Amino acid sequence: MKHLMTPLDFTTTQLEQLFDLANDIEANPDKFSHACEGKILATCFYEPSTRTRLSFESAMLQLGGQVLGFSDAGSSSAAKGESVSDTIRMISCYSHICAMRHPKEGSAMVAAMASSIPVINAGDGGHQHPTQTLTDLLTIRSLKGRLNNFTIGLCGDLKFGRTVHSLIHALVRYENIRFVFISPEELKVPDYIIEMLREKQIPFEEVIRLEEVISSLDLLYMTRVQRERFFNEQDYVRLKDFYILNKEKMALAKEDMLVLHPLPRVNEISVEVDEDPRAAYFRQVKYGVYVRMALILTLLDLVH
């Protein structure tokens with residue numbers, strides 16, 4: 001039985017097959033509208049989420065399946081002290097596949113070890129967010145036509161941003177990728193990622209000012225500064241508006257540069273950028289549904 005804990009659980013060949021399936025779903029939705037009839041997805045969200053949870057639910061409903069679950073730990077038996085292992089054993093009796101988000105790193109792996117159904121990690125603390133990474137990769141491949149030979153700038157909270165960490169680990173498997181890390185000193189990429197890039201001899205640079213490097217980028221991945229990851233409010237307030245992407249900065253960028261963002265945004269992308277054809281973040285949301293549809297079909301072994 002297959003689970004998805006990190007983006008590296010799939011080989012690059014398997015990812016290509018998954019993305020081909022997602023593009024097929026995008027082009028031929030009717031062909032897949034009954035593919036999961038009689039199947040139930042459980043969404044176990046111990047941490048607040050709008051996009052990820054609704055994206056999973058939309059994916060399953062568009063495949064003709066059904067959904068059950070909870071949207072915060074307070075409304076589950078976790079509030080009574082039930083363990084993740086016991087919860088997933090119970091959920092396994094009610095459903096065929098589970099998407100789980102949890103604030104503690106490694107919780108999805110604990111669930112997978114106890115589960116008799118496929119488990120998808122929908123985010124575990126500051127650790128991994130593999131389905132967001134699959135969304136990012138599918139968006140890049142669909143809009144750029146490739147997953148190699150580009151320079152990507154990652155901007156904002158690179159210390160706590162699990163979407164950033166997952167994406168870096170996924171992209172290092174492709175050829176000729178160059179990273180530009182754009183962050184204040186306090187929110188730099190963790191040392192273990194820098195060490196991994198050095199070990200693999202993958203080019204990267206670290207800068208503080210976005211304006212210095214935006215003209216060299218093929219992709220710009222913006223992230224919000226996450227209040228929930230900070231230990232004190234003063235640090236959050238000081239750093240939350242450190243980067244704001246606006247028309248002036250976009251004027252410095254290449255004509256075919258794409259702007260991605262895992263959302264939600266707060267202030268880091270001005271709404272005036274939404275009209276720019278290079279703004280791809282709402283298209284990214286649609287690709288998130290297609291890739292989750294493809295993932296559900298793959299893990300349930302319903303791909304023929």
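Which value in nm describes the separation of the simple spin-label points at Glu175 and Ser116, placed 7 Å from the Cα toward the beta carbon?
4.7
All other residues with a Cβ under 12 Å from the Cβ of Glu57 taken together, and with Lys, Arg as +1 and Asp, Glu as -1, what is their net charge?
+3
Which percent of the accessible heavy-atom area of the chain goes to carbon and sulfur, probe 1.4 angstrom?
Its accessible area is 50 percent carbon and sulfur atoms.
Hey, can you grab everything whose amide H is under 5 Å from the amide H of Leu258? Only 5+ residues off in sequence or another chain; H modelled, so Pro and N-termini drop out.
Hits under the 5 Å cutoff: Leu219, Leu220.
Would you mind working out the accessible area per residue for the chain, using a 1.4 Å probe, and quoting it in Å²?
Heavy-atom accessible area per residue stands at 44 Å².
Which Cα, out of Asn121, Leu15, Gly64, lies furthest along the positive dipole direction of region 1-132 (beta carbon charges, K/R +1, D/E -1)?
So the residue furthest toward the plus end is Asn121.
Quick one: Karplus J couplings for region 288-304, per residue in order, coefficients 6.51, -1.76, 1.60, θ = phi - 60°, nearest Hz, x for Gly and Pro?
Result, ordered by residue: x, 6, 4, 6, 6, 4, 5, 5, 4, 4, 5, 5, 8, 6, 10, 8, 10 Hz.
Cα to Cα, under 20 Å, and not fewer than 8 places away if on the same chain: which lysines meet these conditions relative to Lys104?
Straight-line reach from Lys104, under 20 Å: Lys80, Lys159.
Return the long-range amide H neighbours of Glu206 (sequence gap of 5 or more, or a different chain), with a cut-off of under 5 Å between placed amide H atoms.
For Glu206, whose amide H was placed from the backbone, the distant partners under 5 Å are Phe181.
Per the helix-only calculation at 222 nm, which mean residue ellipticity applies to the chain, given -39500 (n - 2.57) for every DSSP H run of n ≥ 4 and division by its residues, nearest 500 deg cm²/dmol?
Helix contribution divided over all residues of the chain: -11000 deg cm²/dmol.
Against the longest principal axis of the chain, how steep is helix 12-27, in degrees 0 to 90 to the nearest 10, with axes from Cα atoms?
80
What is the gain in length, in nm to one decimal, between Glu255 and Ser58 on full extension, counting 0.36 nm per residue of separation less the C-alpha to C-alpha distance?
Computed gain between Glu255 and Ser58 is 67.6 nm.
Run the dipole for the chain about the Cα centre, Lys and Arg Cβ at +1, Asp and Glu Cβ at -1, nothing else charged, and hand back the magnitude in debye, nearest 20.
400
Looking at the chain as a GNM with Cα springs under 10 Å, which of Gly65, Gly145, Gly125 has the largest mean-square fluctuation?
Highest fluctuation of the listed residues: Gly145.
Could you state the orientation-averaged shadow area of the convex hull built on the Cα atoms of region 24-158, in nm² to one decimal?
Taking a quarter of the hull surface, the average projection is 9.6 nm².
³J(HN,Hα) across region 31-38 via Karplus (A = 6.51, B = -1.76, C = 1.60, θ = phi - 60°), whole Hz, x for Gly/Pro?
Per-residue couplings from phi come out as 4, 10, 5, 10, 4, 10, 4, x Hz.
Length gain on complete extension for the stretch Ile208 to Gln17, per 0.36 nm per residue less the alpha carbon to alpha carbon distance?
Extending this stretch completely gives an extra 65.0 nm.
Taking Lys144 as the anchor, which aspartates and glutamates have their alpha carbon closer than 16 Å to its alpha carbon, excluding any fewer than eight residues away along the same chain?
Glu16, Asp20, Asp136, Glu175, Asp218, Glu255, Asp256
Could you please report the charge total around Gly145, scoring K, R as +1 and D, E as -1 over all other residues with beta-carbon less than 14 angstrom from its beta-carbon?
-1
Quick one: Karplus J couplings for region 245-261, per residue in order, coefficients 6.51, -1.76, 1.60, θ = phi - 60°, nearest Hz, x for Gly and Pro?
7, 10, 4, 4, 5, 5, 5, 7, 8, 4, 5, 10, 5, 9, 9, 10, 7
The values are calculated or read from the model by the stated rules, or taken from the named source; none is laboratory data. Values in this document were obtained by computation on a predicted structure and should not be read as measured data. Quick reminder, even Gly has a Cβ in these numbers, built from the backbone with ideal geometry, and neighbours come from all protein chains shown. Side chains included, ligands, DNA and RNA excluded: accessible areas come from the protein's heavy atoms. Shrake-Rupley method; radii C 1.70, N 1.55, O 1.52, S 1.80 Å.
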